[in-house]
Every structure is written in structure tokens, then in C-alpha cells.
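Structure first, commentary second.
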Amino acid sequence: MGLGNLASVLTIPPGKPVLAVATHIHVDHVGSFHEFENRLGHEAEAEAFAHMPDADTLAPYFRMQPDVLAQVPPMGTRPEAYAISPAPLTTILAENDIIDIGDACYTVLHLPGHSPGSIGLLDQKTGIFFSGDAIYEGSLVDDLPGCDIEAYKASMERLLQLDLEVVYGGHGSSFGRARLQEIAKTYLTSRNS
Ligand SMILES: [Zn+2]
Ligand SMILES: [Zn+2]
């Protein structure tokens, strides 16, 4: 959310290179993105990352929540002044790009629907999949500005075909392939009826 400093609480050994990958541009995923030197995100949202407009980050939804902060955040941010710091991408990602970090190697999957530039990262060797908000345990959001139900349905069809072991979603607990298929099928049924 960017209410505190994220980089300072990560246990990153000094000198170790860090790649920060944004699964999409929403407020609850990119508030600290600007803290990192190497920033990766999908081309469909590249322009928006450079400016972080409210229309793309959806920060107004956060500002509008009643009693949004239970206590003063570390950096003293007030809800009415809350906005996301611009974080231009240093690497623009597209479908099928590879992010090789040595002990893991992720393929970028473009999974639009929840947002235009939503991506997932799949390690084809271990079957570990970071899905962002394309799919997660909890109610899926397809009715915000920038959402596209037809695109979301196509992404779900695609997710159904994936060979994977474990899904780490943007929200909720992790789950396996059977549960992924259940969530995707439930979504498709609800939007096809
Ligand atoms: Zn989102
Ligand atoms: Zn989210």
C-alpha cells in the first residue's frame, strides 16, 4: 500500500540484486513499487506506472473507505492525501517473457480481465505460480474501472489449461491445481449464465 517502507523490512542481503515485479497496477499492490530500483510490469500498464493516476491505481477507493486507517501509519500518511508514487518501469514485460533469477525461472503470462496489464508468473519446472489478482482464494473482482469480463473469461479458460503445483494468489491462502480449476469454473459459470 505504500503506507510504510517495504524495502526496509525485507531481509535482502546487502548487494543482492532485486527485481520488483508488479502483477498489476492496483493500489494494494504497488504502493511501495517506487522504492525499488528495478521495476518490472506489463506493457499494457507501462504508461500508467510512470504516473500512477488514480484512474488506474484506483486509490480513490481506498481514500473513500470509512475509518480506513485504524492508526497513524509509519510515514504519517493521511487518507485524504493518500496517492501512489510514480514508478516508471525499467523493464517492460510481455507475454512469454522469461524472468530468470537463477534458482527459479518464471514465464510471464498475460492474464487480463481484472486489469488490462494483469500478469502471472509461472515457474514451469517447479509448478509454482504467482497469479496476482487474476485468480485467488476469495471473491474475484471484475466490476471496477479497467476490468473486462470477456477478457477475464478468456484468462480463466487459459488458467484451466495450466500445469502447475501451487498457486500464490494476490490475496488469500495458497492452493493447488484442483482448487484453481474449481475457482475458474465457478467464475466461468457465473459469468456465462
Ligand atoms: Zn487488483
Ligand atoms: Zn489486489
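Values in this text are rule-based calculations from the coordinates and carry no lab data. Worth saying up front: this structure is predicted, and the values here are computed from it rather than measured. Every residue, glycine as well, gets a Cβ built from its backbone with ideal geometry; the counts of neighbours run over all protein chains shown.
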If each DSSP helix of 4+ residues adds -39,500 (n - 2.57) and the sum is divided by the residues in the chain, what number results at 222 nm, nearest 500 deg cm²/dmol?
-6500 deg cm²/dmol
Scoring the chain by relative contact order with C-alpha pairs under 8 Å, at least six apart, yields a percentage of 17 percent
Aspartates and glutamates whose Cα lies under 19 Å from that of Lys16, excluding same-chain neighbours fewer than 8 positions away
Glu35, Glu37, Asp100, Asp103
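Taking Cα pairs under 8 Å and at least six residues apart, what relative contact order does segment 7-81 come out at, in percent? Before the final figure, lay out the partial values.
Details: 57 pairs, mean separation 19.2, N = 75.
Computed over segment 7-81, the figure is 26 percent.
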Can you tell me the Rg and the Dmax, both Å, for the Cα atoms in the chain?
16.8, 53
Between exposed GluC sites (Glu not before Pro) in the chain, where DSSP calls loop and at most 13 other Cβ atoms lie within 10 Å, what's the longest gap?
96-164
Pairs of Cα atoms under 8 Å, at least six residues apart: use those to get the relative contact order of segment 90-141, whole percent.
24 percent
Antiparallel bridges, percent of DSSP beta bridges restricted to segment 1-108 (to nearest 5)
40 percent
